[in-house]
1. Identify the residue in region 283-333 that is under 16 Å from the mean Cα position of the chain (by Cα) and small (Gly, Ala, Ser) and, among all such residues, is farthest from Leu94 (Cα to Cα).
2. Mind checking which residues of region 285-318 are in a strand (DSSP E or B), hydroxyl-bearing (Ser, Thr, Tyr) and open to solvent by less than 30 Å² (accessible area, probe 1.4 Å)?
3. Select from region 3-26 the residues that are over 18 Å from Arg53 (Cβ atoms) and assigned to a loop (DSSP other than H, G, I, E, B) and list them in ascending order.
4. Residues in region 52-70 that are open to solvent by 50 Å² or more (accessible area, probe 1.4 Å) and at pLDDT below 90: how many?
5. Read through the list (1) within 14 Å of the ligand (Cβ to nearest atom); (2) open to solvent by less than 50 Å² (accessible area, probe 1.4 Å); (3) modelled with pLDDT under 90, then give the number of the only condition that Tyr196 fails.
6. Given (1) surrounded by 14 or more Cβ atoms within 10 Å (Cβ to Cβ); (2) in the same structural domain as Pro111 (by TED's automatic domain parsing); (3) closer than 28 Å to Leu133 by Cα, where does Pro167 come up short, assuming only one miss?
7. Checking Ile257 against (1) closer than 22 Å to Gly151 by Cβ; (2) at pLDDT below 80: exactly one of these is not met. Which one?
8. When region 30-41 is examined, which residues are found to be in contact with a helix residue (DSSP H, G or I) (Cβ under 6 Å, 6 or more places away or on another chain) and either of a type in the set (A, V, I, L, M) or in a helix (DSSP H, G or I) (or both)?
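The values are calculated or read from the model by the stated rules, or taken from the named source; none is laboratory data. Computed from a prediction, not measured in an experiment: that's the story for all the values here. Quick reminder, even Gly has a Cβ in these numbers, built from the backbone with ideal geometry, and neighbours come from all protein chains shown. For the accessible areas, the whole protein counts, side chains as well, though only heavy atoms, and no ligand, DNA or RNA atoms are used. Shrake-Rupley method; radii C 1.70, N 1.55, O 1.52, S 1.80 Å.
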Amino acid sequence: MNGWLEEKVGRFPNSPGVYLIKDAGQRVIYVGKAKALRQRVRYYLAKEGLPPRIKVLQSHMADIEYIVTDNEAEALVLECNLIKKHRPRYNVNLKDDKDYPYLMLTGEPYPRLEMLRLSQKKRRSPGSGKERLFGPYTKAGAVRDTMRLLGKIFPLKRCRQPLTGEPAPKRPCLNYQMNRCLAPCRGQDQVPFSEYRQLVEQIALFLEGRMSSLEQDLTWRMKEASRQKAFERAARLRDQLLALKEVAAQDQKVLTIKGLDQDVLALVKLNQRAAVHLFKIREGKLLSQEHFPLTGTSGLTDQEALAGFIKTYYSRVESSPAEIILSCWPEDT
Ligand code: SF4
């Protein structure tokens, strides 16, 4: 171990913060958080008594840096963001993470729904920052089915032409005649941004599994449209409501009587492999199940592996449920 590194760590403050372990190429290979930085980081410099996993990490360690935070909670948020940014080799990670599909509501004035993978997102030019991501999901086929279903119920824009609210030079395509698109290409006099925004919010409610809120919203808007004698809009909302009720009736798996939003996480380990099975329950019903194989768990206890998954997974999702039920109590490394 380099004497200068020991000296450097000896000058670390003993306050809460995040540390970044780097290899000889200055790549971040591990990110961790600590209540007391100096005390925690010294652990990685020990000459004996370390578990094999830390010994491997130590053999690649060339430098350590730190960022001080005001408290441990702030350190946890920063740690999650840094893990998301650097994807360090020795942190617990989702296997094939970049290939998991997500659904994205684009950030255009009239958003579209797209399926994409993180590897594609990185290759694209930066968006407007208003994109909304849902996922990660593990089954691309199920994501495509969901997109098809949503395309039938909610008439979002389907083409990639940029629209500003002015009528487009070309006439609406066949999707408009088939009631598959509201045709915002006709301009915002025909399709006001506010009306289109409602559609987008309804899709977000659907993808978050908030079916009761969605049904209530559609019912209210349908009655309002009838009251205003906007019969075409009222008929569209009625059809959406009926289609949704049909979907909900096919999928009535009530799990809890409390109607809670919960994620249930179960860690499964077999030989050297580990995975987390995630059940998403929204409004008391099972919304989806996903299975995430993990990397970087060799030599970790179940508690440590689960803690690593929680940090990685929840740094990638847009919203978290009120409760998370775990197969074991997570323990920080
Ligand atoms: S109707 Fe207009 S906005 Fe909709 S997909 Fe066709 S061209 Fe695009």
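1. So in region 283-333, the residues under 16 Å from the mean Cα position of the chain (by Cα) come out as 287-292, 308-322, 324.
Then keep just the ones that are small (Gly, Ala, Ser); that gives 288, 308, 315, 319-320, 322.
Numbers: Ser288: 18, Gly308: 10, Ser315: 12, Ser319: 18, Ser320: 18, Ala322: 23 Å.
In this case the residue turns out to be Ala322.
2. Ser288 - this is the single residue of region 285-318 that is in a strand (DSSP E or B), hydroxyl-bearing (Ser, Thr, Tyr) and open to solvent by less than 30 Å² (accessible area, probe 1.4 Å).
3. Residues satisfying the conditions are Arg11, Phe12, Pro13, Asn14, Ser15, Pro16, Ala24, Gly25, Gln26.
4. Residues of region 52-70 that are open to solvent by 50 Å² or more (accessible area, probe 1.4 Å), as a first pass: 52, 55-56, 59-60, 65-68, 70.
Remaining after also requiring at pLDDT below 90: 52, 55-56, 70.
Of the residues in region 52-70, 4 are open to solvent by 50 Å² or more (accessible area, probe 1.4 Å) and at pLDDT below 90.
5. (3)
6. (3)
7. Ile257 satisfies all of (1) closer than 22 Å to Gly151 by Cβ; (2) at pLDDT below 80 except (1).
8. The answer is Val31, Ala34, Val41.
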